[in-house]
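Nothing in this text is a laboratory measurement; each read-out follows from the coordinates by a stated rule. Worth saying up front: this structure is predicted, and the values here are computed from it rather than measured. All Cβ positions, even for glycine, are placed from backbone atoms using ideal geometry, and neighbour counts span all protein chains on display.
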Amino acid sequence: MNSTFIRYVLVGLINTVIHWSILGCCFYLLGINQAASNLAGFCAAVTFSFFVNAKWTFESETSLFRYFIFVGFMGLLAYLFGWAADHFVLPPIITAVAFSAFSLLSGYFYSKHIVFTERKTTIS
């Protein structure tokens, strides 16, 4: 297993605690539906993980463009997982576990190959 993926997983563990905590607070304490609760937890967690992964995991520069393409793509997935859970009347823990597992792999590949890829141009 390469060190980049290990770092991504370590950041993801902290990210998951942030995400699940906010999802649970929004759903159980504030009575917000799962779609919006999952999106709120995701937005807070993704901001943390975006900057830590950029600097520590991928040793890449950050930009608003990179932030927005990452948050937009992954945020849509977070919302859709919450929507599906609301539609099928699933408990929030199912939403959290399913989205966390899915976003670990999809987020890593999206980050590595799209968001934090350094496009090098050469002039001949």
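Estimated purely from DSSP H runs of n ≥ 4, each contributing -39500 (n - 2.57), the mean residue ellipticity at 222 nm for the chain is -23500 deg cm²/dmol once divided by its residues.
Across the chain, Cα pairs under 8 Å and at least six residues apart give a relative contact order of 29 percent.
As a rough footprinting exposure proxy, the listed residues Leu64, Leu13, Leu39 were ranked by other beta carbons within 10 Å of their own, and the order from fewest upward is Leu64, Leu13, Leu39.
Spherically averaged projected area of the convex hull of Cα atoms, the chain: 8.4 nm². Ranked by how many other Cβ atoms sit within 10 Å of their own Cβ, fewest first, the residues Tyr28, Tyr8, Tyr67 fall in the order Tyr28, Tyr67, Tyr8.
Along its principal axes, the stretch 48-91 has C-alpha extents of 41, 18, 12 angstrom, given from the largest down. Would you grab the residues whose amide H sits under 5 Å from the one on Ile32? Only those 5+ places off in sequence or on another chain, please, with H modelled 1.01 Å from N. Amide H neighbours of Ile32, under 5 Å, 5+ apart: Phe27.
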